[in-house]
Amino acid sequence: MNTESEARKSKDQPLSVTDVVAITRSLLEEAVPEIVFKAEIGEIRSGKTGHIYLTVKDETSQVSVVMWATVAARFKIKLVPGLAVMIAAHPTVYGARGSLQFVVHRIAEAGEGTLQKKFLELKAKLEKEGIFAQSRKRSLPYLPQRIGVVTSANGAVIHDIMHRMAERFPSVQVVLIDVRVQGEGSAEEVAKAIEQFNRHSLEDGRVDVLIVGRGGGSLEDLWAFNEERVVRAVYASAIPIVSAVGHETDVSLCDLAADVRAPTPTAAAEIVVPRRDELIRRVSDLACRLLDSARVLAPLAQRLDEVALRLDRSLALVLERASNMIRFSEQKLRTLQPQALLQQAQQRIAQAAKRLQLATGAILQRSTLELSRHESRLQAMNPKAVLKRGYAVVKRGEVAVRDAREVQAGDLLEILLGSGEIGARVTTGVE
């Protein structure tokens with residue numbers, strides 16, 4: 001209804017009652033798309049079409065509420081006079097009587113008492129079994145190749161996940177099992193989908209990580225993900241699971257059992273796959289560090305010098321102590337003339353010589369091993385060893401080329417290989 005055109009019409013001729021109702025309804029519905037309030041049920045009347053008409057009230061006021069048959073079928077709570085309920089609805093004007101009424105979107109017992117009680121009881125039971133224990137939660141693979149998703153193919157969740165993954169890492173594969181995420185039988189479908197992914201993990205169709213989720217809603221909307229059947233399937237999964245059920249404020253038992261909880265399905269996609277451009281930048285940085293051999297090799301060479309110096313000092317100290325011991329023994333031998341004392345001194349000298357030999361051999365062996373390890377590390381960090389594995393360094397003059405945009409057509413380049421060098425000229429520059 002175009003209210004501005006109706007206002008202009010009123011200048012020329014009076015509005016009809018139908019026009020007034022239409023204008024009022026349009027303004028009201030646009031201004032208040034949804035309102036949530038607590039009330040007590042007064043009168044209840046069911047229509048032949050399945051619609052339910054209610055009068056809800058508090059201590060001083062009452063309003064009319066209509067719940068269409070499709071909504072009534074979704075929320076299976078027993079409506080009786082005097083029941084306290086939470087209602088989410090939008091206000092409108094019923095034209096036949098020109099009266100205010102509210103069209104129900106969601107309805108639940110106040111505080112969602114029955115479901116909330118069931119939720120807490122099941123949570124306590126499973127928590128006692130250790131199903132939510134932090135110690136059993138696994139890390140996610142850093143760069144998964146295939147990702148499984150358990151959700152509805154018709155909802156916004158799968159589209160959000162696919163869009164975010166395409167932004168972050170376009171080559172990742174996504175395998176979807178379409179399930180109902182609300183209503184009767186939905187919990188069974190979700191649990192079977194998780195089990196199906198785990199059965200295929202023994203075959204070629206293995207996925208590296210699973211995302212299980214749906215969009216936001218009431219506790220009743222999300223109830224499939226609080227069913228014991230689903231929670232136990234998540235717990236038994238050999239594949240790491242990310243749970244993305246509802247909005248950030250919604251917490252399901254599936255969230256608690258999963259290895260990782262994501263506040264939203266979009267966040268789940270961000271948790272599972274890294275950004276491809278960030279990985280490329282990291283590889284580029286590592287390549288630059290590899291070329292800067294002096295910065296890498298200099299600390300290792302200094303460490304080798306320190307080890308060699310300690311080895312020299314250790315050998316000198318051992319030899320000095322042995323020499324002192326021999327001199328002391330000789331002096332004592334000259335002082336004590338009896339043959340028995342002479343023999344004892346000779347034995348001590350022999351033992352000292354043996355210990356000296358063993359100690360020197362052990363020190364030399366340890367030092368040789370340490371020198372060998374440092375030599376191996378130096379060889380591994382040698383840029384020429386990297387080039388011999390098939391890599392090359394491209395230089396323009398004395399400067400290494402790291403980006404194709406640094407050269408232009410006609411530039412002379414020098415390509416350093418594992419064995420030898422090649423000169424080249426750029427024929428095509430970056431557009």
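The values are calculated or read from the model by the stated rules, or taken from the named source; none is laboratory data. All of these numbers come straight from a predicted model, not from anything done at the bench. Don't worry about glycine lacking a Cβ; one is built from the backbone with ideal geometry, like all the others, and counts go over all protein chains shown. Ligands, DNA and RNA are stripped out before the accessible areas are found, and what is left, the full protein with its side chains, is counted by its heavy atoms. Shrake-Rupley method; radii C 1.70, N 1.55, O 1.52, S 1.80 Å.
With every protein chain kept in the model, how would you rank H200, H51, H163, H374 by accessible area, 1.4 Å probe, largest at the top?
Details: H200 70, H51 45, H163 110, H374 20 Å².
The most accessible residue leads, giving H163, H200, H51, H374.
Give the long-range amide H neighbours of D221: residues separated by 5 or more places, or on another chain, with amide H under 5 Å away, using H modelled in the peptide plane at 1.01 Å from N.
Correct list: empty.
Could you state the angle between the C-alpha long axis of helix 113-128 and the longest principal axis of the C-alpha atoms of the chain, as a value from 0 to 90 degrees rounded to the nearest 10?
Taking Cα atoms only, the helix is inclined about 20 degrees.
Accessible surface of F197 in the full protein assembly, 1.4 angstrom probe, to the nearest 10 Å²?
Looks like 10 Å² after rounding.
For the Cα atoms of the chain, what angle does the longest principal axis make with the long axis of helix 156-168, in degrees from 0 to 90, nearest 10?
30
At 222 nm, what value in deg cm²/dmol follows for the chain if DSSP H runs of at least 4 each add -39500 (n - 2.57) and the sum is divided by all its residues, to the nearest 500? Walk me through the numbers on the way to the answer.
Working: 13 runs with 203 residues, N = 431.
Calculated from helices alone, the mean residue ellipticity at 222 nm is -15500 deg cm²/dmol.
For the chain, what is the percent of antiparallel DSSP beta bridges, rounded to the nearest 5?
Beta bridges within the chain, antiparallel portion: roughly 65 percent.
If you rank R281, R168, R321 by how much accessible surface each has, with a 1.4 Å probe, what is the order from largest down?
R321, R281, R168
Can you give the accessible area of Y235 in Å² (nearest 10), computed on protein heavy atoms with a 1.4 Å probe?
The value for Y235 is about 90 Å².
Show me the ranking of peptides 53-59, 395-401, 220-226 by mean Cβ neighbours inside 10 Å, starting with the highest.
220-226, 53-59, 395-401
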